[in-house]
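*Asks:* What follows is a single structure, and I will ask about it in a moment.
No value in this document is a laboratory result; all are computed from the given coordinates. Because the structure is predicted, anything quoted here is derived from the model rather than measured. Here the Cβ positions follow ideal geometry from the backbone for every residue, glycine too, while neighbour counts run over all protein chains shown.
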Amino acid sequence: MSIETDSELGRQQGEPSHARAVVAEVLGWAFALAMALLVTAHISTSRAELVFIDADSMFNALLTHSIASGAPQSWAMSPVLFVPEAIAFGAVSVFVPDLHSAFIVSSVVNFVALYGAFRVASGSRRTASAPVLGAVAGYAAFGAISLLESGGDRNSLQLASLLGTTTYYSATVIGSVLAIGLVRRALDTGRLRARAWAPLAAVVAVSAFSNPLIVVWAVAPTALVLVTMAIRARWRMPQPPPLPLQLVFVLAGASAVGIVARAALGDLIVAQGSEYLKDGNQFGAMGDLLHRLAAELARPGGIGAAILIVGVTVLAIALTFSRTAHAKPGAGLLVAVAWIAPLACTVGVILLGNPSPRYLQPWVFAPVLVLACLAEWTPPRLTWRQRRDERRRGSVLALAAASVVIVVLGGIGVARLATAPTTASATSLACVVDWVNATDEHGAGQFWTIRAPKAYAADPAQLLQVTHDLHPYVWLVNRTDDETTSVSFLITDAQSAPFALPGGLELADAATIDCGRYTIHDFGSTSIPVF
């Protein structure tokens, strides 16, 4: 028997054939769906509060419901506009009118979309080695991190499973991986064609318009690596700019377009980015992040996730300075961004003095990018010439094994979703919503308390979002709701600050309806003015 490389066998045998490539792609997407179902089932039970009750998580549900009701739209937004997230959730809501189910389907859609971004980052079949396997590996690692997270609130360092929500920057995570992947593909082809720069510019512009964080998470780290490549190319005027520098121009121009376009929004954004700068709190931010890291490392799952993240990060650093990274710029870009992006965003968060953990999501999506191109560092394998029936038998066995894995993962996910127990918070929420739907009166509550009942109510405008002294709290809400000038009941829970009511009124003057975590204070015919 003679020994030949895979590439030689491929030329002689016409492999991989078109049919095998199609089968591989289908299996990759099937795995993505199965993993999405499994991770969503895990998140829906272990982080149910974050997915189904959390005040911030309700934004897209409120927006979709408000638009569908035909009410005038005058939203008060944060610096994040959630444009892709709102469009995706609105599309899901058309087919899944039940809000609880819409949140579940949206989570599945988010994870499948992330696989699509990894598939772009793993390269094309013409220029990359085992691209489907690479996409599956990177996506599976991200899914594994998500499965190792459990029970954390919105301020924990459990970052991967935030993709299962509709508001915690899920589209920015997907857009970041997609943008990095499109740059990799352009480098692989060696030329900047319209089919490469046009989608790249569109993704970056829309993402920057919706959430400027993509500039820090993906654009700046990628541009830094590209500039390094251009310097190494020793470009001199008046020669045309090398491809890496051309890509920098595309990234910078698209980012500028997206950010400048935000200026046309007028008073839609009620909080500017400068308000997130906490000058003088740099050491406090560092200490806070270390405290949250220690909390994660106290969990076995947290230790496992940390080992995985550190392992792929170290691998990325090592590969960045290898010979292959210089010979294959597309793969070299991926492994360099894999560790530069997390470090850059960490430094940025500390310098801002704002230790919100959700700003550190590059730590869970960037390092695993190294797995999407790991095959590029593998030397051509040597394989024994096989008879056609033996090769066919091996392909059938591989297909069968992959199918079993997909069916098992998907089956577990569906079973867990179907048998998920009803939480106490869900029962309490249903109690409040049923009571509100049965009355024609208007009520009010504070932001962290009222958002979930408002989102699940038949008429969200029936519940007003107010401060403790009954002023409208204009934040991530349709301002037309504030046309109501009085309410007859208040809703409180453990997150509510004591109300300061006008006219000598006290909560004790109201009849109370106990709904578990919520309490409804019904003042009957007494109207409480909302200033």
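*Asks:* Put +1 on the Cβ of every Lys and Arg and -1 on every Asp and Glu Cβ in the chain; which of 111, 62, 197 then has its Cα farthest towards the positive end of the dipole?
*Replies:* Checked the options; the winner is 197.
*Asks:* So, one more: Can you give me the relative contact order of the chain as a percent, contacts being Cα pairs under 8 Å and 6 or more apart? Present the calculation step by step, with values, prior to reporting the outcome.
*Replies:* Numbers: 845 pairs, mean separation 112.1, N = 531.
Reported relative contact order: 21 percent.
*Asks:* Another question, then. Order 254-260, 321-327 from most to least packed using the mean count of other Cβ atoms within 10 Å.
*Replies:* On the way: 254-260: 18.3, 321-327: 12.7.
The most tightly packed comes first, giving 254-260, 321-327.
*Asks:* Which shape class, rounded, prolate or oblate, goes with the range 427-529 when its Cα gyration tensor gives a ≥ b ≥ c as root eigenvalues, a/c under 1.5 marks rounded, and past that a/b bigger than b/c marks prolate? Present the calculation step by step, with values, prior to reporting the outcome.
*Replies:* Working: a/c = 1.28, a/b = 1.03, b/c = 1.24.
Rounded shape, in that the Cα axes give a/c under 1.5.
*Asks:* Next up: Helix-derived [θ] at 222 nm for the chain: sum -39500 (n - 2.57) over DSSP H runs of at least 4, divide by residue count, nearest 500? Please report the intermediate quantities before stating the final value.
*Replies:* Working: 18 runs with 295 residues, N = 531.
Counting only the DSSP helices, I get -18500 deg cm²/dmol.
*Asks:* Also: Does the chain come out rounded, prolate or oblate by the C-alpha gyration tensor, with a ≥ b ≥ c the root eigenvalues, rounded set by a/c under 1.5 and, if not, prolate when a/b is larger than b/c and oblate if not?
*Replies:* Numbers: a/c = 2.34, a/b = 1.74, b/c = 1.35.
Prolate, since a/c reaches 1.5 and a/b exceeds b/c.
*Asks:* Once you have a ≥ b ≥ c as the square roots of the Cα gyration tensor eigenvalues for the range 212-326, tell me rounded if a/c is under 1.5, and otherwise prolate or oblate according to whether a/b is larger than b/c. Provide the component values of the computation, followed by the final result.
*Replies:* Working: a/c = 2.71, a/b = 1.16, b/c = 2.34.
Oblate, because a/c is 1.5 or more while a/b does not exceed b/c.
*Asks:* Taking the highest mean first, how do the peptides 38-50, 494-506 order by number of other beta carbon atoms within 10 angstrom per residue? Intermediate values should be presented prior to the final figure.
*Replies:* Numbers: 38-50: 22.3, 494-506: 11.9.
Peptide ranking by packing, descending: 38-50, 494-506.
*Asks:* Quick one: putting +1 on the C-beta of Lys and Arg, -1 on the C-beta of Asp and Glu, what dipole do you get for the chain around its Cα centre, in Debye to the nearest 20?
*Replies:* Details: 34 positive and 34 negative charges, 759 e Å.
Approximately 3640 debye in magnitude.
*Asks:* What net charge is computed for the residues neighbouring residue 371, neighbours being all others with C-beta under 15 Å from the C-beta of residue 371, Lys and Arg scored +1, Asp and Glu -1? If you can, show how the numbers build up before the last one.
*Replies:* Working: positive: 119, 184; negative: 376.
Here the count lands on +1.
*Asks:* Out of the DSSP beta bridges found with both residues in the chain, what percent are antiparallel (nearest 5)? Walk me through the numbers before you get to the answer.
*Replies:* On the way: 17 of 23 bridges.
The antiparallel fraction comes to roughly 75 percent.
*Asks:* For the chain, give me every cysteine whose Cβ has no other Cys Cβ within less than 4.7 Å, ordered by residue number.
*Replies:* Within the chain, the cysteines lacking a partner Cβ under 4.7 Å are 345, 373.
*Asks:* Which one, 177, 120, 96, projects farthest toward the positive side of the charge dipole computed for the range 71-183 from Cβ point charges (K/R +1, D/E -1)?
*Replies:* It is 120.
*Asks:* To the nearest 20 Debye, how big is the dipole of the range 427-529 about its Cα centre, given +1 on the beta carbon of each Lys and Arg and -1 on that of each Asp and Glu?
*Replies:* Numbers: 4 positive and 13 negative charges, 68 e Å.
Computed charge dipole of the range 427-529: roughly 320 debye.
*Asks:* Kindly list the residues of the range 508-531 that lie in the label zone of residue 479, defined by a backbone N under 19 Å from the point 7 Å along the Cα-to-C-beta vector.
*Replies:* The answer is 530-531.
*Asks:* Tell me the angle of helix 131-147 to the major Cα principal axis of the chain, expressed in degrees between 0 and 90 and rounded to the nearest ten.
*Replies:* With rounding to tens, the tilt is 30 degrees.
*Asks:* Quick check on packing: order 343-349, 101-107 by the mean number of other C-beta atoms within 10 Å, highest mean leading. Could you put the intermediate results ahead of the total?
*Replies:* Working: 343-349: 17.0, 101-107: 21.6.
The packing order, highest mean first, is 101-107, 343-349.
*Asks:* While we're on this one: Report ³J(HN,Hα) in whole Hz for each residue of the range 67-79, in order, from the Karplus equation J = 6.51 cos²θ - 1.76 cosθ + 1.60 where θ = phi - 60°; Gly and Pro get x.
*Replies:* 5, 5, 6, x, 5, x, 9, 8, 8, 9, 10, 7, x
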